[in-house]
Amino acid sequence: MRLGLALGGGGLKGAAHIGVLRVLEDNGIKPDIIVGTSAGSIAAVLYGIGLIPDDNPLSIMPLSALNLQNRRSVRGLPLGLLNGNAVEMMLKKVLKNRKFSDLSPQIATVACDLTTGETIIYTDGKPTQDLPAYMVMGGDVPVCEAVRASISVPGLFSPYTIGSRLLVDGGLTDNVPADVCRFLGADVVIAVDLGYGIPNRNFDHVGEVIIQSIEIISQRNIALTLNLYANLILRPIKKPVSSWDPTKFTELIAWGKEETQHNMDQIHRLLGK
């Protein structure tokens, strides 16, 4: 039985994924496939190179580069307020020149083609069934490039080019990619949704406006995808929290642990243990 883990997007709330992965590891549960969108893509590839589930500071560093309060990254150009250089340099430092074929288990990340609207899946594997017309396999590309594309929140980060594709955040079309897990051959899918309804934000900067808009757009798509493809949905976010507050890392990791531990009996039943 192949276990797929779908890690959703959510900015710095992605720290909760560390807690989820840590508890699964502590219980001897190793996913066969991990598919991540946006912040989930960072957690997925860090697991694939062995930095998660250990509470290693290196496992948090790439997430911390997403902090919108880093004003030095602001460029003010039409394609994006942030150029993403800090994130890209951090990813290259940690991931080096690895491709998906260098990771274990099978890891995939999700981005969106800004030109065609297609969901692009980057991994070294092949689907076990025909993909929908709106999904395309992107191939075994450098991992740091695929993650940089997956986190490119429209209007916030500049789009990222891989080959002929102009790519933005995968959350635009598939924020919790349980469906991709299925298409890549998972028999059981556990999805980690970092949402907490539509948050009541203060809208201190344009980034919050953009994120709120995307969350409103994607919420219905997420619900439909999870209902169709996920066997279990973990929702570790226990109260409204900013997607961009680095001071919440420790708390978010703890929430991920608590939610996973709370559902461990059900996880064992799904896996026939």
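The values are calculated or read from the model by the stated rules, or taken from the named source; none is laboratory data. This structure is a prediction, so every number in the text was calculated from the model and none was measured. Please note: Cβ atoms are built from the backbone with ideal geometry, for glycine as well, and neighbour counts cover all protein chains shown. Heavy atoms of the whole protein, side chains included, go into the accessibility calculation; ligands, DNA and RNA do not. Shrake-Rupley method; radii C 1.70, N 1.55, O 1.52, S 1.80 Å.
Mind checking which pairs have a first residue in region 157-176 that is among the charged types (D, E, K, R) and a second that is modelled with pLDDT under 95 and assigned to a strand (DSSP E or B), Cβ under 9 Å, 6 or more apart or different chains?
Once the first residue is among the charged types (D, E, K, R) and sits in region 157-176, its partners that are modelled with pLDDT under 95 and assigned to a strand (DSSP E or B) give 169/156; 169/157.
Given the condition open to solvent by less than 30 Å² (accessible area, probe 1.4 Å), of a type in the set (Asp, Glu) and modelled with pLDDT of 80 or more, answer yes or no: does some residue in region 188-203 qualify?
Yes.
Within region 142-151, is there a residue that is open to solvent by 30 Å² or more (accessible area, probe 1.4 Å), over 26 Å from residue 234 (Cβ atoms) and at pLDDT 95 or above?
So the first thing to find is which residues in region 142-151 are open to solvent by 30 Å² or more (accessible area, probe 1.4 Å), and the list is 142, 145.
The next check asks that each one be over 26 Å from residue 234 (Cβ atoms); those that pass are 142, 145.
Of the ones still in play, those that are also at pLDDT 95 or above are 142, 145.
Yes, that holds for at least one residue.
Name the residue, out of 114, 167, that is modelled with pLDDT of 95 or more, in contact with a Cys (Cβ under 7 Å, 6 or more places away or on another chain) and either among the hydrophobic types (A, V, I, L, M, F, W, C) or closer than 25 Å to residue 23 by Cα (or both). Please lay out each step first, then the result.
Details: 114 fails: in contact with a Cys (Cβ under 7 Å, 6 or more places away or on another chain).
Result: 167 is the single residue among 114, 167 that is modelled with pLDDT of 95 or more, in contact with a Cys (Cβ under 7 Å, 6 or more places away or on another chain) and either among the hydrophobic types (A, V, I, L, M, F, W, C) or closer than 25 Å to residue 23 by Cα (or both).
Among the numbered criteria (1) in contact with a Lys or Arg (Cβ under 8 Å, 6 or more places away or on another chain); (2) at negative phi; (3) not hydroxyl-bearing (Ser, Thr, Tyr), which one does residue 185 miss?
(2)
Of all residues in region 249-273, which are closer than 19 Å to residue 10 by Cβ and either surrounded by 17 or more Cβ atoms within 10 Å (Cβ to Cβ) or touching a Gly at 6+ places or on another chain (Cβ under 7 Å) (or both)?
Within region 249-273, 249, 252, 253, 254, 255, 256, 257, 259, 260, 263 qualify.
Check region 194-211 and report whether any residue there is among the basic types (Lys, Arg) and either part of a helix (DSSP H, G or I) or in contact with a Leu (Cβ under 8 Å, 6 or more places away or on another chain) (or both).
So far as region 194-211 goes, no, none of its residues is among the basic types (Lys, Arg) and either part of a helix (DSSP H, G or I) or in contact with a Leu (Cβ under 8 Å, 6 or more places away or on another chain) (or both).
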